[in-house]
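No lab work stands behind these numbers, since they all come straight from the coordinates. In this text, all values refer to a predicted model and were calculated from it rather than measured experimentally. Using ideal geometry, Cβ is built from the backbone for each residue, glycine included, and neighbour counts are taken over all protein chains shown.
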Amino acid sequence: FDVEDYKERLFVYSKQKLADTKSFEEYATQIRHRGRQMMEAIQSRFPDIVLLLSLAHSYVNRTPDAGRKLAQLSSYGLLPAFIDGLIEAAGPRVRIVDGQEQAYGYLTTEDYFRGYHDIKQRALELVPRRLWQKYRRKMEAGVAIFANYQLAVNRTTTRYWPPHYMTPETRLRLFEQNIYHALKTTDEYAWLYSEHMGWWESGYQVPTPDGALQAIRTAREKFTANKPLGFDLDNEIAQARLKMKEATRRKE
């Protein structure tokens with residue numbers, strides 16, 4: 001379930017039609033009610049559904065002290081209330097997964113383990129205390145991998161990313177590393193997103209970089225066999241970030 005609001009800014013209080021006459025708390029109460037209604041409708045047909053959300057509390061909580069300024073946030077300030085409603089109404093067989101779309105930009109081992117901690121612990125800062133126990137039972141940690149970012153394949157942005165400042169061979173190792181750590185830091189679901197890339201078919205705008213599919217296979221094989229990754233890219237990542245910073249400074 002992609003909760004990203006794209007054009008309509010559904011979860012931004014200041015963009016709501018009645019923001020001048022209705023308080024943030026009134027809007028949060030109503031959107032929490034809509035979350036409950038949605039979950040009730042879904043589970044009436046699919047009582048054992050696994051609902052994977054692209055974003056959840058952990059995304060909103062990346063903003064420092066987010067719980068004190070949800071009404072002022074420029075994005076997703078009302079999202080926690082909606083997901084609270086989903087959790088409140090969720091039956092015993094329903095599972096909810098924080099898909100952690102913010103992991104698109106993860107590069108290091110630490111990023112992935114911190115992301116897991118953010119879902120399991122820090123996100124509780126945005127969850128009403130009365131829901132803590134049910135949140136812990138219902139909210140599972142998922143993780144996303146953005147192939148274009150890891151492999152430095154740009155089609156929808158002119159921005160450069162740290163992997164652009166790596167060699168093609170290092171990018172493939174980065175891709176393998178981050179799939180491996182994604183599998184290590186999810187309760188069950190890791191999902192891979194790409195734009196304009198054809199993985200198994202020809203005719204797409206961007207051919208899949210040579211070695212990408214094998215990197216996925218190798219990461220899975222190591223994880224399944226409980227083997228160590230076998231290499232460390234911290235130095236290469238640090239150097240790439242420095243090169244990107246220097247390139248950005250030159251453009252300015």
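Before rounding to the nearest 500, sum -39500 (n - 2.57) across all DSSP H runs of length at least 4 in the chain and divide by the residue total; then give [θ] at 222 nm in deg cm²/dmol. Before the final figure, lay out the partial values.
Numbers: 9 runs with 108 residues, N = 252.
Value at 222 nm, helices only, nearest 500: -13500 deg cm²/dmol.
Can you give me the convex hull volume of the Cα atoms of the chain, divided per residue and expressed in Å³?
Working: hull volume 41.3 nm³, N = 252.
Taking only Cα atoms, the chain has a hull volume of 164 Å³ per residue.
Could you state the angle between the C-alpha long axis of helix 212-224 and the longest principal axis of the C-alpha atoms of the chain, as a value from 0 to 90 degrees rounded to the nearest 10?
70
What is region 3-42 by shape, rounded, prolate or oblate, if you read a ≥ b ≥ c off the alpha carbon gyration tensor as root eigenvalues and call it rounded for a/c under 1.5, prolate for a/b larger than b/c, and oblate otherwise?
Details: a/c = 3.20, a/b = 1.34, b/c = 2.39.
Because a/c hits 1.5 or more and a/b fails to exceed b/c, region 3-42 counts as oblate.
By per-residue mean of other Cβ atoms within 10 Å, what is the highest-first order of 37-46, 168-177?
Working: 37-46: 14.2, 168-177: 19.8.
Going by the mean number of other Cβ atoms within 10 Å, highest first, we get 168-177, 37-46.
If you take the square roots of the eigenvalues of the alpha-carbon gyration tensor of region 67-140 and sort them as a ≥ b ≥ c, do you get rounded (a/c under 1.5), prolate (a/b over b/c) or oblate? Don't skip to the answer; put the middle values down first.
Details: a/c = 1.88, a/b = 1.21, b/c = 1.55.
Cα axes put region 67-140 in the oblate bin.
Relative to the Cα centre, what is the charge dipole magnitude of the chain, using +1 at the beta carbon of each Lys and Arg, -1 at the beta carbon of each Asp and Glu, and rounding to the nearest 20 debye? Walk me through the numbers before you get to the answer.
Working: 38 positive and 32 negative charges, 105 e Å.
With only Lys, Arg, Asp and Glu charged at Cβ, the dipole is about 500 debye.
Compute the long axis of helix 109-120 from its Cα atoms, compare it with the longest principal axis of the Cα atoms of the chain, and write down the angle in degrees, 0 to 90, nearest 10.
With rounding to tens, the tilt is 10 degrees.
One-quarter of the Cα convex hull surface for region 103-182, in nm²?
6.3
Semi-axes, largest first, in whole Å: what does sqrt of 5 times each Cα gyration tensor eigenvalue give for region 1-143? Intermediate values should be presented prior to the final figure.
Numbers: eigenvalues 98, 82, 37 Å².
After diagonalising the Cα gyration tensor, the semi-axes are 22, 20, 14 Å.
Once a ≥ b ≥ c are taken as the square roots of the eigenvalues of the Cα gyration tensor of region 147-252, is the result rounded (a/c under 1.5), prolate (a/b larger than b/c) or oblate (a/b not larger than b/c)?
Numbers: a/c = 2.11, a/b = 1.27, b/c = 1.67.
In terms of gyration-tensor shape, oblate.
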